[in-house]
Every structure is written in C-alpha cells, then in structure tokens.
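What follows is a short report on a single structure.
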Amino acid sequence: MDLAKTRRRGAELDEALLDAAWAELEQVGYQSFGYDGVAARAGTSKPVLYRRWPAKVDLVLAALQHGGLFTRRELADTGALRDDILATLRDFNAARSGFIAAISVYMAGIYADSGLSPAELRTRLLVGSSDIGRRLLERAAERGEIPVRDWPSGLANLPADLVRHDLVMTLKPIPEARILEIVDDLWLPLVR
C-alpha cells in the first residue's frame, strides 16, 4: 500500500482528528478522555494531536465546537422584537437543553485540570459569536419599536443568561411559561 496516497493532510486530517476526539469524548467522558484513545480512533500518533492541541482542554474544547454544540444558530427576524426573542430562546432551549448535563459534568473536570472558570470556557467556546441580544435590540431600534441607545451588556444578554441559568440548574428543557416570563415580565419592561 502506498502511504503517500492515503496520508491525510490539512483540513481532511483536522476533520478526522476532531471526529475521533468527539467520538472519544462521547464514549468515555471527560475524565477518561485522552490522547491515546483519540490517536487510536483517528489512526494517527499522539504527536500529531499535540502539535495542534498542546493541552487536553484545548482538544476537548475543539471537539465540543466540532461536535456542533456551539454552532451559531440563525437569528429569527419576524419583524417584531418580542417575536424575535421568543423564537431565539425557544430555538436555544430546544437545541441546547439535551447537552447541558454533559457540559456541566465536563466543566467540573475542565476546571480541575485547567483552572478555567465557566465564564472563561464560554468565552473560548463561543469565540467569534456576536451578542445576540444586542443584535435583536439594534434591529428593533432600526424598526422604531424601541429607542436607539447603547444597551448595557447585562441588559442585552439577560434573556439568554436566564435561559442558560435555568438549563444548568434544572438540566432539562425550560417550560414555555418560564420563557414567556423572562421575555414579557422581565426583559421587555426593562427595554421599553
């Protein structure tokens, strides 16, 4: 067999490595996750992995991103702020509630190994994503629904932060009534 013809390089190799890392993480969990298992799954050597991801946490975070858990979701554009934020939160609730328990377990191990706080992990995992709440508010202001202003981050992020909090605290999807409460009773009165 001619190895030169079967050797993977570049994006093809990275894809294979991250597929293997994601499969390993799903099967063995964070604590048992290691370069040996990923290398065996990918049919490569540990140095190939270490060159790309020098620390276990780097490889785990790359695998989580690769697994699609933190893929940017399309923002609803219904023409009304209330409907936009409701659609966004419902989509987030449906798409993310299933893996919150796993992420919560991983976070404890990642913190123990690396010292990265949940906020630091979120920043690393969501690199390049934009402030969704701010984008929705700016669109609503352009439509004349609300005043134009420089929205404080805490206010702009409040709905998503509350949904994320509830998901982490309950480890299950949030009831529709809670989503409506977050939007109608808490956020919109502050925005208006």
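Computed from the coordinates by the stated procedures, all read-outs in this text should not be read as laboratory data. Note that the structure is a prediction, hence the values are computed from the model and not measured. Cβ coordinates were reconstructed from backbone atoms using ideal geometry, including for glycine residues, and neighbour counts include every protein chain displayed.
Taking the Cα-to-Cβ direction at ASP131 and at ASP150 and moving 7 Å from each Cα, how far apart do the two end points lie in nm?
Each label point is offset 7 Å from its Cα along the Cβ direction, giving 1.0 nm.
Under a point-charge model restricted to the Cβ atoms of Lys and Arg (+1) and Asp and Glu (-1), what is the dipole moment magnitude of the chain relative to its Cα centre, in debye to the nearest 20?
In debye, rounded to 20, the chain gives about 560.
Calculated FRET efficiency, ASP19 and ALA55, Cβ-Cβ r, R0 22 Å, to nearest 0.05?
0.65
Using a cut-off of under 18 Å, list every residue of the stretch 96-121 whose amide N is near the label point 7 Å from the Cα of GLN31 along the Cα-to-beta-carbon line.
Only 101-115 pass the distance filter.
Using only Cα atoms and rounding to the nearest 10 degrees, what angle (0 to 90) does helix 81-96 make with the longest principal axis of the chain?
30
Identify, among VAL105, PRO147, PRO189, the residue whose Cα sits farthest towards the positive end of the charge dipole of the chain, taking +1 on the Cβ of Lys and Arg and -1 on the Cβ of Asp and Glu, with the dipole about the Cα centre.
The one lying farthest along the dipole's positive direction is VAL105.
Relative to the present Cα-Cα distance, how much length would full extension add between ARG192 and GLU142 at 0.36 nm per residue of separation?
That works out to 16.6 nm of additional length.
Positive end of the charge dipole of the chain (Lys, Arg +1 and Asp, Glu -1 on Cβ, about the Cα centre): tell me which of PRO173, ILE132, TYR35 has its Cα farthest that way.
TYR35
Please give me the summed charge of the neighbours of LEU167: other residues whose Cβ is under 12 Å from its Cβ, Lys and Arg +1, Asp and Glu -1.
Overall, the nearby charge balance is +2.
Could you run the Karplus curve 6.51 cos²θ - 1.76 cosθ + 1.60 with θ = phi - 60° over the stretch 51-62 and give me ³J(HN,Hα) per residue in whole Hz, x for Gly and Pro?
Per residue, the Karplus-derived 3J(HN,Hα) values read 5, 8, 10, x, 10, 3, 4, 4, 5, 5, 5, 5 Hz.
Quick one: grab the alpha carbon gyration tensor of the stretch 73-173, order the square roots of its eigenvalues as a ≥ b ≥ c, and give me rounded if a/c is under 1.5, else prolate or oblate depending on whether a/b is larger than b/c.
prolate
What is the helix-to-structure angle for 100-114, meaning the angle in degrees between its Cα long axis and the longest Cα principal axis of the chain, kept from 0 to 90 and rounded to the nearest 10?
The two axes meet at around 60 degrees.
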